[in-house]
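*Asks:* My structure is below; once you've seen it, I'll send some questions.
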Amino acid sequence: MRVYLFIAAIAGGVTWLVTPLVRHLAIRIGAVGQVRARDVHTVPTPRMGGVGMLIGFAVATAYASTFPFINGLFASSNQAWFILCGAFLICMLGVTDDLWDLDWMLKLAGQLLISVFVSWGGIQIISLPLGSLVTASPSLSMAITAFLLVASINAVNFVDGLDGLAAGIVAIGGIAFAIYSYILARTSPSYASMATLIDVMLVGVCVGFLLHNWHPAKLFMGDSGSMLLGYLITCASIVMTGRLDPVSVHASIYLPVFMPILLPLLVLFLPVLDMILAIVRRLSHGQSPTHPDRMHLHHRMIRIGHSVRSAVLILWGWAALISFGSIMILFFKAQYVAIGFAISTVILTIATLYPYYRRRIPEIREENAALAAARHREQSADDENRRHKD
């Protein structure tokens, strides 16, 4: 575990050090996000923060390849280098979008091509738990892998709307995923795990970037960062599915069989939910799925009265509840997990709705008082009319 923590520290430290340089580069080449109607920030802010995260991830990967405990992963497979190559390509696609605002169809085509390339390089879901583990055909495996990669890339991109929100959610999910993959690796002769390695480096770059991205942000991650984070966390989950041998899996560990498929969806539950709601909302109004609006989850949090920081912290709390709640069932009895989950849900619900009700309760009281006064005036007028008639 100490090895993984050290590599995470390298990824975070390098990201923290190079991000100011990336910020100056972004300003110099014009990668500055102007204030749009749907934006929460009020001043133009440089984008392209994903480049700093990519550098941190690349340096940590290169260092890990020389570390005795880890280097066997690099000797036995080229997965790490294909993942790094795909990270470079997806980040560069994001950089072009940060600079020139690519058409959504062109960006989607680029994401698909990169996903197919990475899948061709061996980053594939090789089996699916459908009653029993069913080995997928190569073409189906590549199609499912590409779909998951593109969906995750765009889900994180959708949720990237407040300072620190996307980086924090992905870091939380990465920690939960790293715990699970590390536990899974301990059942093997070697504790070394490519999935755990990717996760800890991902958490490191997120933390390093957050130090510059916390509100008020000095730099936005832009599409270069949001797409990179969605890509990396999904690559880690796909790599982990390759550790499950369909022959050796027994029904007694059926939940761990499903967990590699479920956990990526759970750790990215909020981004995926936000993306699905946005697509349904826009299609129902006859708009393109990529049509911008101010109806994302983070926009709603701001609208009901949260500050940027409180909205981010509460959304982090929901992400942590879903991510860690999904793996706690592997350590504790289901009823205890359910009780803890229910209590946490109530607390987070109260925290989420508190600004709304704090504002609305006085308004409701004023409305009730005004209504009571109007009724009193009407009653007084009726009494006065009756007296005149009498």
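Bear in mind these aren't lab numbers, they're just calculated from the coordinates by the rules spelled out. Because the structure is a prediction, the values reported are computed rather than measured. Cβ placement follows ideal geometry from the backbone for every residue including glycine, while neighbour counts extend to all protein chains displayed.
*Asks:* Explain nothing, just compute: Karplus ³J(HN,Hα) = 6.51 cos²θ - 1.76 cosθ + 1.60, θ = phi - 60°, for every residue of the stretch 53-70 in order, whole Hz, x for Gly and Pro.
*Replies:* 5, 4, 5, x, 5, 5, 5, 5, 5, 4, 5, 4, 5, 9, 7, x, 5, 9
*Asks:* Summing +1 for each Lys or Arg and -1 for each Asp or Glu, what net charge is found among the other residues whose Cβ lies under 11 Å from the Cβ of Arg47?
*Replies:* Numbers: positive: Arg23; negative: Asp97, Asp98, Asp101, Asp160, Asp223.
In short, -4.
*Asks:* Cut-off 10 angstrom, C-alpha nodes, Gaussian network model of the chain. Which of Leu371, Leu54, Leu184 fluctuates the most?
*Replies:* Comparing Leu371, Leu54, Leu184 in a Gaussian network model of the chain, the most mobile one is Leu371.
*Asks:* Just to confirm the number: angle between the C-alpha axis of helix 104-120 and the first principal axis of the chain, 0 to 90 degrees, nearest 10?
*Replies:* Helix 104-120 and the main axis of the chain meet at about 30 degrees.
*Asks:* How are the C-alpha pair distances of the stretch 146-228 spread across 10 Å bins, as whole percents from the shortest bin up?
*Replies:* 18, 43, 27, 10, 1
*Asks:* Helix-derived [θ] at 222 nm for the chain: sum -39500 (n - 2.57) over DSSP H runs of at least 4, divide by residue count, nearest 500?
*Replies:* Working: 14 runs with 285 residues, N = 390.
Value at 222 nm, helices only: -25000 deg cm²/dmol.
*Asks:* Something else about it: Sorted by packing (mean other beta-carbon atoms within 10 Å per residue), highest first, where do 205-216, 79-90 land?
*Replies:* Values: 205-216: 22.2, 79-90: 19.9.
The densest-packed peptide leads the list: 205-216, 79-90.
*Asks:* Additional query: Please express the shape of the chain as an equivalent ellipsoid: the semi-axes are the square roots of 5 times the eigenvalues of the C-alpha gyration tensor, given largest first in whole angstrom. Before the final figure, lay out each step's value.
*Replies:* Details: eigenvalues 397, 141, 78 Å².
Calculated on Cα positions only, the semi-axes equal 45, 27, 20 Å.
*Asks:* 5 Å is the cut-off here: which amide hydrogens, built 1.01 Å from N in the peptide plane, fall below it relative to Thr45, excluding neighbours closer than 5 in sequence?
*Replies:* Gly33
*Asks:* Scan the chain and report its longest stretch carrying no trypsin sites (Lys or Arg not before Pro) that are both in a DSSP loop and have at most 13 other Cβ atoms within 10 Å. Working shown, then result.
*Replies:* On the way: sites that count: Arg36, Arg38, Arg186, Lys333.
That gives 39-185 as the longest site-free run.
*Asks:* Restricted to Cα positions, what overall size does the stretch 324-375 have along the principal axes? Three whole-Å values, descending.
*Replies:* In descending order, the Cα extents are 60, 17, 9 Å.
*Asks:* Loop-only check: which chymotrypsin sites (Phe, Trp or Tyr not before Pro) in the stretch 281-390 are DSSP coil with at most 14 other Cβ within 10 angstrom?
*Replies:* Working: sites: Trp316, Trp318, Phe324, Phe331, Phe332, Tyr336, Phe341, Tyr356, Tyr357; in loops: Phe331, Phe332.
Hits after loop and neighbour filter: Phe331, Phe332.
*Asks:* Show me 150-157, 114-121 ranked by packing, highest mean number of other Cβ atoms within 10 Å first. Show your work: numbers first, answer last.
*Replies:* Numbers: 150-157: 25.1, 114-121: 20.1.
My ranking of the peptides, most packed first, is 150-157, 114-121.
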